[in-house]
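Working notes, structure below.
Just so it is clear, none of the values below were taken in a lab; they were calculated from the coordinates. Quantities reported herein were computed from a predicted structural model and do not represent experimental measurements. Glycine also receives a Cβ, built like all others from the backbone with ideal geometry; neighbour counts cover every protein chain displayed.
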Amino acid sequence: MPRPRPNPTPPRLSPYLLGAGLTAALIVLLLWSLGSGHMPFSPGEILSFLTSYLPGGETDLPETRALVLGGVRLPRLVTALLSGAALGLSGAVFQGLLLNPLADPYTLGVSSGAAFGASVVIILSLSLPALPFLSSPLTPALGAFVFSALTLAVVVALASDGDKRLSPTSLILAGVIMSAILSAGISFIKYLAGEQVSSIIFWLLGSFQARTWTDSGLVLLFFCPAMVVSLLSATDLNIMTLGFKSAETLGVDTRRVRLRLLAAASLAASASVAVAGIIGFVGLIVPHLVRLLTGPDHRSLLPLSALGGAVLLLAADTVVRAHLPGEIPVGVLTALLAGPAFLMIFRRRMRDLTRG
Amino acid sequence: MARREDRPPAAGDPDAAAGGHDGGTVAGSFGGRGGGKSGPWISVRSLDFHHGPRKVIDSLDLDFHPGRHYVLAGPNGAGKSTLLDLLCRLRKPSAGSIELMGRSLDSHDPGELARKVALAPQSSAFNFAFTVREVVRLGRRPHLGVWGVLGPEDKEAAETAIRRLGLGKLADKPVTALSGGEAQRVVLARTLAQSTPVLLLDEPTSSLDVAQALELLSVVRELAEDGRLVVTVSHDLAAAATYAHEIVFLKDGKLAAAGGRDEVLTDGMLESVFEAQARVGPDEFTGGVRVSFRRRPRRGGRPE
């Protein structure tokens with residue numbers, strides 16, 4: 001006799017429907033966000049401005065207003081939404097790869113590596129003011145990117161040292177070890193910085209203030225290949241959730257797929273950290289919510305997580321930029337949201353584990 | 001996204017891979033014994049496998065023929081699961097050779113091997129809430145393109161596997177909400193949906209109840225009689241006697257005995273393999289045999 005089940009699964013939403021909804025939300029959000037801020041714009045002005053990008057289009061906006069909209073606000077919003085997309089995608093890949101719905105883009109130490117790299121560059125620029133290239137705003141980003149990529153390489157090397165399969169457990173352990181070492185390094189650098197520690201802390205908090213098209217371009221450069229690589233591996237990722245033996249006997253080269261996905265997802269996350277600092281929560285919660293709504297199939301989960309991440313981070317950035325006094329860093333807002341969200345996921349997971 | 005070419009294997013065609021097969025009810029559809037003289041599908045020669053200093057498999061020679069259900073038995077640590085892993089290339093032999101359908105196992109590319117040999121591992125952890133149907137359909141992967149689009153025959157193979165394992169009512173349930181026995185049947189259905197001529201099952205009945213285990217074993221025997229080659233690791237000798245064509249005893253990585261139940265299920269053989277006193281007798285109730293064990297008295301000591 002079939003047992004009655006206490007928790008019938010809620011029906012799943014069609015991924016196409018969620019995709020359409022998120023796309024619509026993104027467009028509305030973009031228009032709303034363009035219009036709000038210290039210098040507000042009416043929807044008519046925004047439309048007139050946007051049509052000027054079309055061939056033959058022209059805008060009747062005064063020059064300063066057009067500059068604020070096109071030169072300051074738009075690049076910032078695009079950087080925010082691309083970073084959100086990179087974090088959402090990266091989080092979904094990491095959760096699938098590490099077989100853990102609580103993993104996020106930073107689980108393997110990418111963020112600690114980036115923070116360490118940026119801190120090194122900032123302290124060097126403080127102590128060596130004679131080298132002008134060090135004080136360019138792009139240099140900490142470069143340091144962050146290089147060090148997070150290095151961190152990933154070390155984590156993979158550590159993890160495959162005793163375990164050729166590159167199993168989730170050894171990856172997570174190696175990531176935790178590297179994060180601990182790098183955090184110690186960051187504390188030491190903060191100590192060295194003395195009274196000027198605030199410039200490091202501010203960088204680490206995460207913000208999209210004064211981001212340019214260069215920043216957008218850097219994220220896009222890594223997000224696009226990451227998306228293509230992940231989508232091509234989406235079916236393999238589904239199969240790898242069945243475990244090593246099942247995946248291998250179904251013809252999946254698990255080690256190769258893991259390496260490929262680790263590189264793609266980590267570089268996308270690193271690019272986001274490099275331009276915007278450490279923004280938590282997006283990469284954790286978005287894939288989790290999408291999975292709850294449309295199911296765990298990575299073929300839809302990956303693109304929808306990117307879309308959801310873009311919506312969430314654009315919304316968060318708009319709130320801190322235009323609707324909160326004194327522009328707190330967006331990383332602080334998302335970090336504040338992370339606690340309760342973690343709690344919610346944890347409770348749900350415990351309930352799932354203790355059921356049946 | 002092109003589908004790989006599916007062609008049914010035929011007797012005497014050593015390269016034949018199974019594909020598009022509906023899970024099988026037609027006898028001899030895998031080109032088994034019905035074809036008359038066909039060689040073994042798997043030949044193991046002087047096989048060694050070392051795990052550190054330990055010889056887990058020790059100069060093993062074995063042939064597995066199509067249309068037969070083999071049960072691998074022996075004490076824990078005898079190398080049963082390791083042998084299964086070696087047969088599907090999850091592990092590489094330290095020495096010796098394995099031939100699959102006339103070709104070395106190593107010469108198969110991963111997709112080709114996955115269309116010939118399927119493994120149902122002993123445990124499969126489900127980390128995400130895929131439905132039963134989705135997991136079973138993942139078994140079609142070796143027959144699909146990169147995006148995993150299912151054709152009608154793939155869906156049909158999955159549905160047949162779901163029905164055969166009695167999972168019809170659970171098909172839309174998330175696998176994370178299943179009991180141990182249900183989860184084990186999902187793993188088997190997934191393996192079956194792979195539509196391979198060779199099936200390797202690692203203790204497939206370990207979390208099933210009595211009725212489910214008997215049902216499963218009779219399905220396994222049918223699968224073999226359809227022309228497949230099935231190798232099952234099991235501790236249940238009485239069930240092996242009823243449902244296996246041949247029983248293979250391993251001990252300390254060596255072949256202890258192989259043959260039909262009347263040849264190998266003897267008091268002396270069981271005593272030497274399992275190091276316990278054994279009695280084998282006919283069982284009128286099941287038509288098979290009854291196997292009983294008793295601890296050996298300690299030599300020179302007294303029973304506790």
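Name every residue in segment A:188-217 that is free of Cβ contacts under 8 Å to residues at least 24 places away in the same chain and more than 20 Å from A:L128 (Cα to Cα), in order of residue number. So that I can check it myself, show each step before the final result.
So in segment A:188-217, the residues free of Cβ contacts under 8 Å to residues at least 24 places away in the same chain come out as A:188, A:191, A:194-195, A:197-198, A:201, A:217.
Listed by number, the list holds a single entry, A:G217.
Determine which single condition B:S179 fails, assuming it passes every other condition in (1) crowded, with 19+ Cβ neighbours inside 10 Å; (2) within 8 Å of chain A (Cβ to nearest Cβ).
Tallying (1) crowded, with 19+ Cβ neighbours inside 10 Å; (2) within 8 Å of chain A (Cβ to nearest Cβ), B:S179 fails exactly one: (1).
Table: residues versus (1) within 14 Å of chain B (Cβ to nearest Cβ); (2) acidic (D, E); (3) surrounded by fewer than 24 Cβ atoms within 10 Å (Cβ to Cβ); (4) without any contact (Cβ under 8 Å) to a residue 60 or more places away in the chain.
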position: A:P129; (1), (2), (3), (4): no, no, yes, yes
position: A:P140; (1), (2), (3), (4): no, no, no, no
position: A:T169; (1), (2), (3), (4): yes, no, yes, yes
position: A:I186; (1), (2), (3), (4): no, no, yes, no
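Any residue in segment A:288-309 that is within 14 Å of chain B (Cβ to nearest Cβ) and free of Cβ contacts under 8 Å to residues at least 12 places away in the same chain sitting within a Cβ distance under 9 Å of a residue that is outside any loop (DSSP other than H, G, I, E, B) and buried (at least 19 other Cβ atoms within 10 Å of the Cβ)? List the pairs, counting only those 6 or more apart or interchain.
none
Output the residues belonging to segment B:189-222 that are more than 14 Å from chain A (Cβ to nearest Cβ), of a type outside the set (V, I, T) and over 18 Å from B:P121 (Cα atoms).
If the condition is that a residue be more than 14 Å from chain A (Cβ to nearest Cβ), of a type outside the set (V, I, T) and over 18 Å from B:P121 (Cα atoms), then B:L214, B:E215, B:S218, B:R221, B:E222 are the ones that fit.
Can A:G185 be described as on the phi > 0 side of the Ramachandran plot and in a helix (DSSP H, G or I)? Steps first, please.
Details: on the phi > 0 side of the Ramachandran plot: no; in a helix (DSSP H, G or I): yes.
Spelling it out, it is not the case that A:G185 is on the phi > 0 side of the Ramachandran plot and in a helix (DSSP H, G or I).
Is it fair to say A:L232 is surrounded by fewer than 24 Cβ atoms within 10 Å (Cβ to Cβ) and within 12 Å of chain B (Cβ to nearest Cβ)? So that I can check it myself, show each step before the final result.
Details: surrounded by fewer than 24 Cβ atoms within 10 Å (Cβ to Cβ): yes; within 12 Å of chain B (Cβ to nearest Cβ): yes.
For A:L232, the condition - surrounded by fewer than 24 Cβ atoms within 10 Å (Cβ to Cβ) and within 12 Å of chain B (Cβ to nearest Cβ) - is met.
Return a yes/no flag: does segment A:321-329 have any residue that is of a type outside the set (D, E) and within 14 Å of another protein chain (Cβ to nearest Cβ).
Going residue by residue through segment A:321-329, those that are of a type outside the set (D, E) are A:321-326, A:328-329.
Now narrow it down to the ones that are within 14 Å of another protein chain (Cβ to nearest Cβ): none.
No, there is no match, as no residue in segment A:321-329 is of a type outside the set (D, E) and within 14 Å of another protein chain (Cβ to nearest Cβ).
Just give me the residues in segment B:140-174 being crowded, with 19+ Cβ neighbours inside 10 Å, small (G, A, S) and more than 7 Å from every other protein chain (Cβ to nearest Cβ), in sequence order.
B:A157, B:A158, B:A161
Report, by residue number, each residue of segment B:236-275 that is closer than 18 Å to B:G288 by Cβ, touching a residue at least 12 places away in the same chain (Cβ under 8 Å) and out of contact with any strand residue (DSSP E or B) (no Cβ under 7 Å at 6 or more places or on another chain).
Matches in segment B:236-275: B:D236, B:A239, B:T242.
Give the number of residues within segment B:170-197 that are within 18 Å of B:L216 (Cβ to Cβ), among the polar types (S, T, N, Q) and assigned to a helix (DSSP H, G or I).
Here the count works out to 2.
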